[in-house]
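Structure, as structure tokens:
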Amino acid sequence: MTTKKVERRIKIKYRIRKRVNGTAERPRMSVFRSNKQIYVQIVNDLTGTTLASASSLGMETMPKKEQAAKVGELIAKKAQEVGVEKIVFDRNGYLYHGRVKALADAAREGGLKF
């Protein structure tokens, strides 16, 4: 059993990715959370292409949860421009609370269906 936090998250990530795959009808929305920023991509795993992406770069003045909510709204808008309504959510090994949950809730309110 590993005790390091990063190794634990990577093990969870691989366990999730075995089951979560993005297709053309339902692409995968992948979240990456660093200490300062949050990034999100909508990926079609069959072709290996990124359809849309958004990040919190340039939003350092607001609190991190608000940054995540703004990124969620932004990715929902970009996804609708590309023609994506339904997605598969990939939390990338992070726990579903805090910034990850705020991003997901804002994306749902923006029109994306998980």
| request: Looking at (1) over 15 Å from residue 88 (Cβ atoms); (2) among the aliphatic types (A, V, I, L, M); (3) buried (at least 21 other Cβ atoms within 10 Å of the Cβ), find the lone condition where residue 62 falls short. | output: (3)
| message | When you check residue 76 against the structure, is it surrounded by 20 or more Cβ atoms within 10 Å (Cβ to Cβ) and out of contact with any strand residue (DSSP E or B) (no Cβ under 8 Å at 6 or more places or on another chain), yes or no? | response | yes
| remark: Checked segment 1-19 for anything of a type in the set (A, V, I, L, M), surrounded by 14 or more Cβ atoms within 10 Å (Cβ to Cβ) and over 20 Å from residue 68 (Cβ atoms); matches are 10
| message | Within segment 33-49, take every residue that is without any contact (Cβ under 8 Å) to a residue 24 or more places away in the chain and farther than 21 Å from residue 103 by Cα and give me the one that is surrounded by the fewest Cβ atoms within 10 Å (Cβ to Cβ). | response | 48
| query | Among the candidates 69, 104, which residue alone is of a type outside the set (Asp, Glu), assigned to a helix (DSSP H, G or I) and either on the phi > 0 side of the Ramachandran plot or touching a Phe, Trp or Tyr at 6+ places or on another chain (Cβ under 8 Å) (or both)? | reply | 104
| Within segment 94-114, considering residues that are surrounded by 20 or more Cβ atoms within 10 Å (Cβ to Cβ) and of a type in the set (Gly, Ala, Ser), the one farthest from residue 15 (Cα to Cα) | 106
| said: For segment 15-32, which positions are part of a helix (DSSP H, G or I) and in contact (Cβ under 8 Å) with a residue 24 or more places away in the chain? | reply: 16, 17
| request: Tell me, please, whether a residue that is at pLDDT 95 or above and in a loop (DSSP other than H, G, I, E, B) can be found in segment 58-66. | output: yes
| query | For segment 22-59, which residues satisfy the criterion of being under 15 Å from residue 92 (Cα atoms), small (Gly, Ala, Ser) and touching an Asp or Glu at 6+ places or on another chain (Cβ under 8 Å)? | reply | 22, 30
| task | Can you work out which of the residues in segment 73-101 that are assigned to a helix (DSSP H, G or I) and closer than 17 Å to residue 49 by Cα is nearest to the chain's Cα centre (by Cα)? | result | 75
| query | Taking segment 50-69 as the search range and keeping residues that are in contact with a strand residue (DSSP E or B) (Cβ under 7 Å, 6 or more places away or on another chain) and not β-branched (Val, Ile, Thr), which one is farthest from residue 37 (Cα to Cα)? | reply | 51
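The values are calculated or read from the model by the stated rules, or taken from the named source; none is laboratory data. Just so it is clear, the structure is predicted and the values come from calculations on it, not from any experiment. Virtual Cβ from ideal backbone geometry, glycine too; neighbours counted across all protein chains shown.
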